[in-house]
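Every number here is computed from the coordinates shown, using simple stated rules; none is lab data. What you see is a predicted model, and the numbers here were worked out from it, not measured in a lab. So basically every Cβ, Gly included, is an ideal-geometry build from the backbone, and we count neighbours across all protein chains shown.
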Amino acid sequence: MSDRRKDEEKERLMKEILNKDRSKIETGSDAKVTLSLGSDGQEDRRADRTAEAVNQMAGMISSAGKATSDLLKNADRSFDELRKLLTNQQKDLENLSRDNGFNQADMERVQKEIEADYGLTPAETKAQTVIKNLDTAKVFEEVYQEMDKEIVGQNEALKQIGIAFRRPFVMGTEEGKPKNVILVTGPKGSGRHAMITEMARSLFKHRAIASDDVYTIDMSLYQSGAQEQIFLQDLYKDLSGHGEIICFENFETGFPSFLRMVDSLVCDGKVILSKRYVLNKGVLVENQTGLVKDAVDSLSAAGKYLVFITTKGTKAVQDAFGANFLYHVLDMVTLTAFTEEDAREFTDRESSSLEEKAVTNLKISVSVRQDLKDWVVQNYDKTLGADALSGLFNDFYISLSQAALVDNLPAGTPVAMTLSEGVPAAVYNGKSVTLTRSKTSAEEIEAVNRELDEIVGLETIKEYIRSLQNHIRMQEIRKAQGMKTSEISKHMIFTGNPGTGKTTIARLISRYMKAIGALSQGQLVEVTRADLVAQYVGQTAPLTMSVIKSALGGVLFIDEAYSLYRGKDDSFGLECIDTIVKAMEDNRDNLIVILAGYEKEMAGFLESNSGLKSRFPNLIHFPDYTGEELRKIAVIQAKSKGYTIAEDALPALEEYFNKVQSINAAEAGNGRLARNVVEDAILKQSGRVVKDPSAKIDELQQKDFDFTVKVKPADEFADLREFNEMLKGQAGS
């Protein structure tokens, strides 16, 4: 057969395979393609083999189409199964091509037709075969052009990251070692994570890497040796995955032993495990039964890009890992803060995106006016860069969606997003709707202020709480204008006797901080030593961290905090304190810690850790209540229970409270004393009213109160005796 005849026949076969009318291709033995290329028997046999290949291909394509129809009935499984079909199909087609004269270009034509017919792209199959001998200069130039369209204002960083990812293609890689170790630095909101994600997507598109997955390991999540297995499981999962890029963040606060493991991955390409592990259903677990087959004794970083992301530069890296680590970092990518020009470009992109979403999802015609764009550029949080800009437009879209739902806007309704009286607003049908979503709650602030007003005494403390709002508002204004902010530590120490209102004020502070936007959640988590300190080695830090995590976004209130420290030999207590101090530093923007206890004991507690004093500059003392204040509290307590106190009983009540407080306020209980006195009076009044039906059932009279002094004077020598007992105990041990 002539070459021309062969080319003509191959083209005919391609038309058979790529026939667009898939409904005419049947499955089974009835769908045979018959070929006759001439009278020569050898050519006929060759034609039969080729026809058989065509039938196999057509059958696979038809089967995929039938499978698609069936699988669409089960939306949860359809895409996974289609990906499997395409992957298997790709292998079968490649095998057939070797025997029937189809080259790579022919096979790519078939693959593209299948992808077009079934709506799938190579990216959706996740793992793919990497093309060898890439023209990396051409590929990375195209990658740069693609990323430049997505990443704003980072031209130099884009060049740096292109070099970093191209490096192993040019200089090769050492067997068993990472492809490259890259340090990415830059301020918050500069696009560090977005740049890595776009690089993965673009390289995957050009088949330079096997997957567009980017794995991230947050080192701050692993804070004690007890979490070793969890850390190794997460690390193994990422090292063994299809993705070639692993990002490490928050390593500045990582646990030392886990940082050493990461250091070994960078410097040696692997980490030797101190225990024997095995795989159980794909999960790395510690082996408890001795020697086993296929044990995992090391983890390898071969073939991976290890990327370290920070806001603090090389010093943070050296402090965490050491100088040898930096020697193995071959590329540093430095991103810069947004300029005003960058912010305007990003704002234009976000505006276009919002307009498109509004048409697609809300079915309304939105136009973002220039005055709103200017407002965004002037008022976004400059310290957060792109994240702040994206957050503003997300708020705009949520508010716009709410307006469309509430007013049931018809399709095509024109909506102008502009400024109305200096505030972002959506204007439509003669109506103006505010678009901003404030983090502050005026209603909650007012409610908390009312409760503060109702609290008896504590005027200095109430003024301090209210002053926080003005300070936080001022810092937000300074941020919006790109000025430096003066953050103050909001952690506090409350000292005072029981019943002086410490827990009540802590609860109001948590609500107040959420209302003014200083905390994201506003919950109060109240704990003591028993909730933080474990009984066995290695358990205290995880227990303390679990409590801290439950308090993130709110206030952690530790009552009798001095009990955490029981001397230099109390290793468990010291471990707890160290964990708290570190967590305060790591979560300074979203956690307030309040320590409470007696004044003298708290003074000694602050000496247990050198970092405590500096982290708790706000020392607030809660004085004992006076007799007058306790009388007012008693009136409030009675009112809350549906009673009033007779006027002639109030002087006697105040005199009684003064007497008790002068003897021993700590033992009396302060506010608890007032509550107990009222509750006892209610019980006594019940008996009196039962006997005298004409009596007022909601009034507490002087005869209902018991003015017997039950407290004893404070023992002036109690502390001395306690000290002597402690000395005896040490001598005995």
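Considering only DSSP beta bridges with both partners in the range 340-434, what is the antiparallel share in %, to the nearest 5?
Values: 9 of 13 bridges.
Looking only at bridges with both residues in the range 340-434, the antiparallel portion is about 70 percent.
Quick check on the exposure proxy: order 459, 345, 654 from fewest to most C-beta atoms within 10 angstrom. Mind showing how you got there, number by number?
Values: 459 10, 345 14, 654 18.
Exposure proxy ranking, most exposed first: 459, 345, 654.
Going by C-beta contacts inside 10 Å, put 188, 304 in order with the fewest on the left. Show your work: numbers first, answer last.
On the way: 188 14, 304 22.
Ordered by Cβ neighbours within 10 Å, fewest first: 188, 304.
Counting only other residues whose beta carbon sits under 14 Å from that of residue 493, what net charge do I get with K and R as +1, D and E as -1? Could you put the intermediate results ahead of the total?
Working: positive: 490, 502, 600, 613, 615; negative: 559, 560, 599, 601, 607.
Here the count lands on 0.
Which one, 354, 389, 365, projects farthest toward the positive side of the charge dipole computed for the range 340-434 from Cβ point charges (K/R +1, D/E -1)?
In the range 340-434, that residue is 365.
Set the bar at 25 Å for Cα to Cα. Now go through 462/703; 159/179; 205/363; 431/514; 315/514 and name every pair that lies beyond it. Show your work: numbers first, answer last.
Details: 462/703 36 Å; 159/179 18 Å; 205/363 32 Å; 431/514 31 Å; 315/514 35 Å.
Table pairs above 25 Å Cα-Cα are 462/703; 205/363; 431/514; 315/514.
What full-extension length gain, to one decimal in nm, is calculated for residue 311 and residue 470 as 0.36 nm per residue of separation minus the Cα-Cα distance?
Details: separation 159, 0.36 × 159 = 57.24 nm, distance 2.90 nm.
Length gained, residue 311 through residue 470: 54.3 nm.
Give me 281, 613 sorted ascending by neighbouring Cβ count inside 10 Å, so fewest comes first.
The fewest-first ordering by Cβ neighbours comes to 281, 613.
Between Rg and the Kirkwood Rh of the range 442-622, both from Cα atoms, what is the Rg to Rh ratio?
On the way: Rg = 16.6 Å, Rh = 17.0 Å.
On the Cα set of the range 442-622, Rg over Rh gives 0.98.
Take the alpha-carbon centre of the range 335-364, take the same for the range 502-555, and report the distance between them in whole Å.
About 38 Å separates the Cα centre of the range 335-364 from the one of the range 502-555.
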